[in-house]
Amino acid sequence: MNEVMKEYLMTLNKVVDATPIEKLSTDDIFEINSFHAQNVYMLVADDSYFLDIRANHFVVEEGFSENMVGTAYLISANHKGIRMQTLLINSTLISFGQTR
């Protein structure tokens, strides 16, 4: 796994925390639907945990959110048929006041 990227991502603020798709709240879905990817990276590990997600391959989408200021990252992975995702932001979670 790219250790520099891994360490950087672990310092960011969590907007959606390691949640399986079927357990996302309405607010989580709103935040993920407001995310727009601009770049995509792959982090590879050997059956490891990263941001409370267990997998061999982690997809890191870098982009922006319609609701917050700063660069956003959507990390997702699948382990034994359970897809998990975490949404991170590198700002102070400034909201534009959109209705959910």
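Here are the numbers for this structure:
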| read-out | value |
| --- | --- |
| Candidate set from the stretch 29-74 (those that are within 13 Å of Val16 (Cβ to Cβ) and of a type in the set (S, T, N, Q)); member that is farthest from the chain's Cα centre (by Cα) | Asn67 |
| Looking only at the stretch 19-46, and only at residues there that are under 16 Å from Gly81 (Cβ atoms) and in contact (Cβ under 8 Å) with a residue 24 or more places away in the chain, the one that is surrounded by the most Cβ atoms within 10 Å (Cβ to Cβ) | Thr19 |
| Whichever residue in the stretch 47-72 is at negative phi and assigned to a loop (DSSP other than H, G, I, E, B) and, among such residues, is modelled with the highest pLDDT | Glu66 |
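The values are calculated or read from the model by the stated rules, or taken from the named source; none is laboratory data. Bear in mind the structure is a predicted one, so any value in this text is a computation, not a measurement. Methodologically, a virtual Cβ is constructed for each residue, glycine included, from the backbone with ideal geometry; neighbour enumeration extends over all protein chains shown.
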